Amino acid sequence: MLYRVLGPLEVHTPTVHRLGTGKPATVLATLLQQPNAWVTVDRLIEATWPEEDMPVSAEANLKTYVWQLRRILSLVDGGGRIERGANAYRLRVAPGEIDADRARSLAEAARRPGLAAPAALELVREALALWRGSPFCGVEAAAEAAAALEDLHLQLREHLAELQLGLGEEEQAIGTLRAVTAEAPLREPAWALLVRALHTAGRRTEALVACRRATDVLSAELGVGPGPALAAAERLALGGSGTAPGRRELPRDVRLIGRSVEVTAIRRAAAGVAPVVVIDGPAGIGKTALAVHAAHLLAPEYPDGQFFVGMRLRPALLLDRLLRGVGVPAADLPGDLDEKVALWRSEASRRRLLLVLDGALSRDQAWPLLPAGAAALTLITTRARLHLDGADRVSLGPLGPAAAASLFAGAAGFADDLTIRACGGLPATLLEAAATATARRMVAA
């Protein structure tokens, strides 16, 4: 990186040039905020002398500052980085030459759908390592850009804590979030995450203290009460240890081949309001495997419980099972179906839950089990064309030839083009054929 703005302004040529906070630094900072774009002389003069009488020699002085910057950059490519146009200057910047751009790219990459949590954690840490202090440290002309970068720094640290919590690193997450809330006490998402992290770590009293502190700060500084995230975290903490760490019912994850588009669609749907995803297709097409794989990827975002429900029973019995799973004593289960539904939705509203409803037969069977709030995600697999208002749909078809061949070869250890074609791209049939072929080879040997 040639330009480093995530701290005191520096230019690396590779000799390190620390520009301080003087007027040459102001000129460079102003150009860096609009890389590869023409910035007028008037704008540069205004940024360089913002609150003092502009000298008669301002334009001449500006040329001197540009000359000084060109002399520094001459070690890179002869000083042609700063171009002069019609009453304007332009700083040519190549991709990856500004550390702030690199940080933004890493932050976006860490949020990429389908990315495993450990890989995302490494990207976030790499981004955070670019910070050396306050962005554009002391350069007033870059105050607005610096504020945006400070916000990015806080977002990255919150994401770091989310990933730490999802990977079972509760104490590290708590440390990260205590630092964020101390530095930026009005960031309600960080407070909500801190309450959840303390609760998950079994530190219920501390979780409630943090919640009360957040509520007091928001009330005193902004005149508002807790938002949905903080309120949900408080309800979780008030629920005590009976709901922590939450049920973990997902079956073993499976190797998924040829379904990256569908996994991405499910991850995008999970960010919606009251997300429900219906995964439909014929028998043997891989609906359950897709749902389980996607659920494992998303599980860190639903720490209060992950349920896998085989939809062979009546809704009333399924609701009893779910209610017991979130800590409702069997003696307190209502007898009336409508009351069961109401209690389940009330309990689910307090938690971030992930449900896999496997093999739903009809809308009437699935509908009573759906949580109403945005904190839960429900994945439904079905052979039927279920219509549920507001649900996203992922319809599965046969695997393509390359994916089918890869699945068969991975299971059998060898390729058999004739058998693969005969399976018609059905994952279940391919796996069964691979097992049969492998058994025959063992007998023959």
Taking residue 339 as the residue in question, decide whether it is assigned by TED's automatic domain parsing to the domain that holds residue 267, acidic (Asp, Glu) and more than 33 Å from the chain's Cα centre (by Cα). yes
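Residue by residue, here is whether (1) farther than 30 Å from residue 308 by Cα; (2) aliphatic (A, V, I, L, M); (3) within 23 Å of the chain's Cα centre (by Cα) holds:
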| residue | (1), (2), (3) |
| --- | --- |
| 151 | yes, no, yes |
| 165 | no, yes, yes |
| 170 | no, no, yes |
| 178 | yes, no, yes |
| 181 | yes, no, yes |
| 211 | yes, no, no |
| 217 | yes, yes, no |
| 230 | no, yes, yes |
| 238 | no, yes, no |
With the first residue restricted to the range 152-164 and required to be closer than 19 Å to residue 195 by Cβ, and the second required to be charged (D, E, K, R) and outside any helix (DSSP H, G or I), Cβ contacts under 7 Å at 6 or more apart or on different chains are 154/187
For the range 29-62 the number of residues that are closer than 25 Å to residue 98 by Cα, in contact with a helix residue (DSSP H, G or I) (Cβ under 8 Å, 6 or more places away or on another chain) and charged (D, E, K, R) is 1
Members of the range 113-126 that are in contact (Cβ under 8 Å) with a residue 12 or more places away in the chain, out of contact with any Gly (no Cβ under 6 Å at 6 or more places or on another chain) and not in a loop (DSSP other than H, G, I, E, B): 118, 120, 121, 123, 124, 125, 126
Out of 280, 304, which single residue is crowded, with 17+ Cβ neighbours inside 10 Å, within 23 Å of residue 113 (Cα to Cα) and more than 19 Å from the chain's Cα centre (by Cα)? 280
Among the residues of the range 61-112, write down those that are crowded, with 18+ Cβ neighbours inside 10 Å, over 41 Å from the mean Cα position of the chain (by Cα) and free of Cβ contacts under 8 Å to residues at least 40 places away in the same chain. 62, 66
Of all residues being of a type in the set (A, V, I, L, M) and in a helix (DSSP H, G or I) in the range 283-298, which is surrounded by the most Cβ atoms within 10 Å (Cβ to Cβ)? Just the residue, please. 294
For the range 247-266, pairs from a residue that is more than 17 Å from residue 285 (Cα to Cα) and not assigned by TED's automatic domain parsing to the domain that holds residue 328 to a residue that is among the aliphatic types (A, V, I, L, M) and assigned to a helix (DSSP H, G or I), with Cβ under 6 Å and 6 or more apart or across chains, are 250/295; 251/292
So for the range 178-190 (the condition being assigned to a helix (DSSP H, G or I), out of contact with any helix residue (DSSP H, G or I) (no Cβ under 9 Å at 6 or more places or on another chain), of a type in the set (A, V, I, L, M) and surrounded by fewer than 23 Cβ atoms within 10 Å (Cβ to Cβ)), does at least one residue qualify? yes
Filter the strands (runs of 3 or more DSSP E) completely within the range 1-77 down to those with at least 1 residues that are of a type in the set (Asp, Glu) and at pLDDT 90 or above. 10-12
Given the conditions (1) out of contact with any His (no Cβ under 7 Å at 6 or more places or on another chain); (2) buried (at least 19 other Cβ atoms within 10 Å of the Cβ), report the number of the one that residue 124 does not fulfil. (1)
Any residue at all in the range 39-59 that's touching a strand residue (DSSP E or B) at 6+ places or on another chain (Cβ under 7 Å), surrounded by fewer than 15 Cβ atoms within 10 Å (Cβ to Cβ) and within 15 Å of residue 91 (Cα to Cα)? yes
Determine if the range 315-322 includes at least one residue that is outside any loop (DSSP other than H, G, I, E, B), of a type in the set (D, E, K, R) and out of contact with any Lys or Arg (no Cβ under 9 Å at 6 or more places or on another chain). yes
So is residue 298 in the same structural domain as residue 355 (by TED's automatic domain parsing), within 30 Å of residue 208 (Cβ to Cβ) and modelled with pLDDT of 90 or more or not? yes
Evaluate the range 136-151: report whether one residue or more is in contact with a Phe, Trp or Tyr (Cβ under 6 Å, 6 or more places away or on another chain) and surrounded by 18 or more Cβ atoms within 10 Å (Cβ to Cβ). yes
Counting only residues that are without any contact (Cβ under 8 Å) to a residue 24 or more places away in the chain and either surrounded by fewer than 13 Cβ atoms within 10 Å (Cβ to Cβ) or more than 26 Å from residue 292 (Cα to Cα) (or both), how many does the range 322-342 have? 11
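The values are calculated or read from the model by the stated rules, or taken from the named source; none is laboratory data. These figures come from a predicted structure and were not determined experimentally. All Cβ positions, even for glycine, are placed from backbone atoms using ideal geometry, and neighbour counts span all protein chains on display.
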